[in-house]
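Below: the structure, in structure tokens.
The values are calculated or read from the model by the stated rules, or taken from the named source; none is laboratory data. Just so we're clear, the structure is a prediction, and the values are computed from it rather than from any experiment. So basically every Cβ, Gly included, is an ideal-geometry build from the backbone, and we count neighbours across all protein chains shown. In case anyone asks, the SASA skips ligands and DNA or RNA and just uses the protein heavy atoms, side chains included. Shrake-Rupley method; radii C 1.70, N 1.55, O 1.52, S 1.80 Å.
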Amino acid sequence: MIKAILVFNNHGKPRLSKFYQHFAEDMQQQIIKETFQLVSKRDDNVCNFLEGGSLIGGSDYKLIYRHYATLYFVFCVDSSESELGILDLIQVFVETLDKCFENVCELDLIFHVDKVHYILNELVMGGMVLETNMTEIITRIEEQNKLEKQEAGLAAAPARAVSAVKNMNIPQQIKDIKLPDLPSINLKF
């Protein structure tokens, strides 16, 4: 099971953190700091998995990571997960981000955090891997984007209606109404 997914830059600034086990906020920050220290001091020539830090579970857990440009993608997993499977999952996550943001960069993770979390939730939910097929994930994201655009159109409808009514100039139109002459009726009593 996946215990946490962390993405931080070369300076240790967290850009995405998703914990699938409850930790207090200050403990999460300590875990991110410890994980960065463990991962960042490793040479690029060594394997991409190591024993978890003392705060996140020690030898019972593994940190599996990939370093892309200025970002570290780190998955903390228990012994039931395959190291190579998680490395592949990281690759799928990064390639999906790359397709959605067209050459993803650190700023995309900062300014589109909601979309990044949505993409991550298509891959992993509750610490369990849901989908690894990038085509399926991209299809779900495109469907979500289409729904968001439709909702944006519906949300703008009241504003468009108000604008249309304002442009009608109703007081002037009332003055301009020509009523037909009413026939006169002579009533005799």
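Structure above, values below:
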item: Matching residues, segment 1-22, being open to solvent by 50 Å² or more (accessible area, probe 1.4 Å) and more than 21 Å from D78 (Cβ to Cβ); result: N10, H11, K13, P14, R15
item: Residue in segment 23-43 that is aliphatic (A, V, I, L, M), crowded, with 16+ Cβ neighbours inside 10 Å and either closer than 16 Å to V129 by Cβ or touching a Ser or Thr at 6+ places or on another chain (Cβ under 8 Å) (or both) present; result: yes
item: Failed item, numbered, when T139 is tested on (1) in a helix (DSSP H, G or I); (2) out of contact with any Ser or Thr (no Cβ under 6 Å at 6 or more places or on another chain); (3) under 23 Å from N10 (Cα atoms); result: (3)
item: Looking only at segment 59-103, and only at residues there that are touching an Asp or Glu at 6+ places or on another chain (Cβ under 8 Å) and acidic (D, E), the one that is nearest to I137 (Cα to Cα); result: D78
item: Residue within segment 112-122 that is in a loop (DSSP other than H, G, I, E, B), touching a strand residue (DSSP E or B) at 6+ places or on another chain (Cβ under 7 Å) and touching a residue at least 24 places away in the same chain (Cβ under 8 Å) present; result: no
item: Those residues of segment 1-58 which are within 23 Å of the chain's Cα centre (by Cα) and in a loop (DSSP other than H, G, I, E, B), in sequence order; result: M1, N10, H11, G12, K13, Y20, Q21, H22, F23, A24
item: Residue, surrounded by the most Cβ atoms within 10 Å (Cβ to Cβ), within segment 81-110, restricted to residues that are in a helix (DSSP H, G or I) and of a type in the set (D, E); result: D108
item: Output for segment 111-128, where each listed residue is open to solvent by 60 Å² or more (accessible area, probe 1.4 Å) and touching a helix residue (DSSP H, G or I) at 6+ places or on another chain (Cβ under 6 Å); result: none
